[in-house]
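Input: a single structure, listed below in structure tokens.
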Amino acid sequence: MDRTVYIRKFDRKLRSWDKEIVKLEKKADKITHTLQQRIEELKKHRDNAASKTSDLLQSSEDAWLEVKSGTQQAMSDLKKAFRKAKTKFK
């Protein structure tokens with residue numbers, strides 16, 4: 001193989017790797033976007049749970065049992081969202 005053929009072959013291989021790098025960059029962007037969406041979902045669930053906890057703290061001694069179920073549901077939803085996000089990116 002002479003020098004010119006070798007250079008062309010090498011150049012083709014570099015261009016091929018360039019295409020692969022672009023593909024990986026696109027995948028990374030998609031993963032980053034998906035991860036950001038999961039994080040935003042977690043924040044919403046966390047804020048909802050915090051709100052329910054605040055409701056619980058402000059409830060009377062007689063009403064706290066009614067508020068408790070909403071708090072438990074909010075914490076359950078947060079836990080599920082966290083598991084979903086964590087599993088997606090293991």
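The values are calculated or read from the model by the stated rules, or taken from the named source; none is laboratory data. Quick caveat: nothing in here was measured; it's all calculated off a predicted structure. We place every Cβ from the backbone using ideal geometry, glycine too, and count neighbours over all the protein chains shown.
Things worth noting here:
- Out of ALA81, ALA28, ALA74, ALA50, sole residue that is in contact with an Asp or Glu (Cβ under 6 Å, 6 or more places away or on another chain), in a helix (DSSP H, G or I) and at pLDDT 85 or above: ALA81
Residue-wise test of (1) assigned to a helix (DSSP H, G or I); (2) charged (D, E, K, R).
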{"site": "MET1", "(1), (2)": "no, no"}
{"site": "ILE7", "(1), (2)": "yes, no"}
{"site": "PHE10", "(1), (2)": "yes, no"}
{"site": "ARG15", "(1), (2)": "yes, yes"}
{"site": "ILE21", "(1), (2)": "yes, no"}
{"site": "THR32", "(1), (2)": "yes, no"}
{"site": "GLU41", "(1), (2)": "yes, yes"}
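- Restricting attention to region 28-48, the residues that are within 12 Å of MET75 (Cβ to Cβ) and in contact with a Lys or Arg (Cβ under 9 Å, 6 or more places away or on another chain) add up to 1.
- Checked against the criterion of being touching a residue at least 24 places away in the same chain (Cβ under 8 Å) and either more than 17 Å from the chain's Cα centre (by Cα) or surrounded by 15 or more Cβ atoms within 10 Å (Cβ to Cβ) (or both), the candidates LEU65, LEU42, LEU57 yield just one match: LEU42.
- Scan of region 1-25 for residues that are of a type in the set (Lys, Arg), farther than 28 Å from THR87 by Cβ and modelled with pLDDT of 90 or more, ordered by number: ARG8, LYS9, ARG12, LYS13, ARG15, LYS19
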